[in-house]
Amino acid sequence: MLGWALTFFIVALIAAALGFTGIAGASAGIAQILFFIFLVLFVVAMVARAVRGTPPV
């Protein structure tokens, strides 16, 4: 999911450089949403691992 967020971020940068403001804004918004979903899932996974008592590898 982080890979998709980075992909949309790069698309947003390229679109902004070429002057396509609508596409750049949409891509940046999608990248931001995917990044925050990734962060939430990461934190949930870390908490679940801590609750289970599994030591990190």
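For this structure, a couple of remarks:
- Inter-label distance, LEU41 to LEU6: 1.5 nm, where each label sits 7 Å from its Cα along the C-beta direction.
- Normalised by 2.2 N^0.38 Å, where N is the number of residues, the C-alpha radius of gyration of the chain stands at 1.55.
- Degrees separating the helix 2-18 axis from the principal Cα axis of the chain, which is the longest one: 20 degrees
- Springs between Cα atoms under 10 Å define the GNM used for the chain, and in it the highest mean-square fluctuation of ALA26, ALA12, ALA45 occurs at ALA45.
No lab work stands behind these numbers, since they all come straight from the coordinates. The structure presented is a predicted model; accordingly, all values stated were derived computationally and were not measured. As a convention, Cβ positions derive from the backbone with ideal geometry for all residues, glycine included, and neighbour counts pool all protein chains shown.
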